Amino acid sequence: MLKPERAIPLYGLIPTTLLLLVPLVIALVRVRSTPGRFVIGAVWLRLVMDAYAPYTTPKIAAGLSINAVVSILVVVVGLFMVGVRYLRLVWMVPIYALVAIIALSAFVNRVPMEMVEQVTKFAYLVLIILGTMRGAQDITPPRMAGALMVAYLPPLFFLVTSIALGITKQGESDGSVSYVGGYTHESVFSIALAGGLIAIALATTVRGWIRVAMTVAIIVGIGLANYRTTAVAMLPLILWLALVAPLRTLSPRSRPLAVTAGGLAALLAIMSVNVDLGARVQSVVDFASNPTDFMRPVSTFTRQERSTNSGRAYVWAQYAEAYAESSPVAKTIGHGPDSWELVFSVYAQNTILSYLFEFGALGAIAVCILWLTMMLPLLSVPRSVRMPLIAMHGGFLILNLSTMPLWQIEGVLMYGVICGLTLAYAYQQQAVRRLPRPLRGEPDRSAALAS
């Protein structure tokens, strides 16, 4: 549970929530898409409930918290609003395969109830992907992204409230001060903010000054959260927003000034994060290029190595060593959902290593196949959005190498939006290619459809 000294009191939460309801209602009225409305409402609701953690996380009945009960209800409502028949979409097969492996691991290890949370999260992922895709098909991807900007306003509003009330959180590893808007952890808060960048990057129908203002606010928010992993993961997308996106809406004469201003803004944003990003980048590169280096005995780590980069390398080595010492069955199917809580004091801070321990080699392979499958549509999306979409998928992979976004509903929502918009653009481009070429004097319908 969130400690009282870093939780926003009700006299701050309630007025902020009422204020957030105004843009939400406007967005829901304007969005002429039932699946799109579901996604906007689901994202907004979760990000608001995060700020009410002292009241929504304690278990109230049957071992379930308010968050858990609401999550299950959201999934049920989503099935009706998104449409059950869309669950057969071939792109969802890797998710179903991963859920099947999780269920098998739970039953083999005799902890069937432990899989409920994991299944709920992946049900969220499926519905957010399909809801975002269908919403984007109904009202176009840029308009869907613009509506999602409203859904990602809560962390920014709660951040302002926490700053106004002087509510901070002390870093768990280095004691530094962070502003997390009353959320439970810097990771949760920064990933919630990063989801807003995903929407902004593709919301080309929203006025430029609004996108710029929200982008700056999110970058400052990530800096105040003091969570280096998210700052590194979002860096490619931030650079694209600062250096490339403005060029598409400006005249050739104004572009040099825009590039200079954008570059300086990006540099200041990076400098505003008062941490050594180079060390964090290097830790991710080291793991991706030489993962076996982290499988050396835990006893060989020096005191300094155990604290470098929040002790990630040391934590990774613990999980790798535990996996290496597991039985053949455990190496294949894992020790079961949430089994790490019985062995380690902290989570793996790396999705692949976590899945290896909990769901075995089958689980780790399955999640990698999921990521690769969701990147395949990038080959079919329009060139105008390919670069930011690649930055989004790449940033999410970086997050998975240094933390565990799929362990958090906020990360699941973020990935669902990324994949949903990617699929929408891919299907849109395929529709454009199927249109016959216009005869001389006829309007070009493909240009209209692609816009």
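The values are calculated or read from the model by the stated rules, or taken from the named source; none is laboratory data. On a predicted model such as this, the values are computed, not experimentally measured, just so you know. All Cβ positions, glycine included, derive from the backbone under ideal geometry; neighbour counts span all protein chains shown. Each accessible area value is taken on the protein alone, full model and side chains, heavy atoms only, with ligands, DNA and RNA left out. Shrake-Rupley method; radii C 1.70, N 1.55, O 1.52, S 1.80 Å.
Probe radius 1.4 Å, ligands and nucleic acids left out: which of Arg6, Arg37, Arg383 has the largest accessible area, and how do the rest follow?
The residues order as Arg383, Arg37, Arg6, largest area first.
Once you put a point 7 Å from the Cα of Leu342 and another 7 Å from the Cα of Val69, both along the Cβ direction, what distance in nm separates them?
It works out to 2.9 nm between the two label points.
Using a simple spin-label model with points 7 Å from Cα along the Cα→Cβ vector, what separation in nm is obtained for Glu321 and Val25?
For Glu321 paired with Val25, the spin-label model returns 5.8 nm.
What does the extension gain come out to for Arg85 and Thr168, with contour length at 0.36 nm per residue minus their alpha carbon separation?
Roughly 25.3 nm would be gained on extension.
Between Arg207 and Ala61, what's the calculated FRET efficiency when r is the beta-carbon distance and R0 is 30 Å? Round to 0.05.
0.05
Using only the Cα atoms of the range 71-173, what are the Rg and Dmax in Å?
Gyration radius and largest Cα-Cα distance of the range 71-173: 18.3, 51 Å.
Let me test this: with uniform point scatterers at the alpha carbons of the range 116-210, what is the Debye-based log₁₀ I(q)/I(0) at q = 0.11, 0.24 1/Å?
Here log10 of I(q) over I(0) equals -0.44, -1.15.
Quick check: Cα centre of the range 179-230 to Cα centre of the range 101-164, how many Å?
What the calculation gives is 17 Å, centre to centre.
Per residue, what volume in Å³ does the convex hull of the Cα atoms of the range 7-79 enclose?
Here the figure is 76 Å³ per residue.
Using a basic spin-label model with each label point 7 Å from the Cα along Cα→Cβ, how many nm lie between Val116 and Leu18?
In this crude label model, Val116 to Leu18 measures out at 3.5 nm.
Under 13 Å from a label point 7 Å along Cα→Cβ of Leu376: give me every residue in the range 91-109 with its amide N that close.
91-95, by backbone N distance to the label point.
Regarding the range 331-409, what whole-number volume in Å³ per residue does the convex hull of its Cα atoms give?
82 Å³
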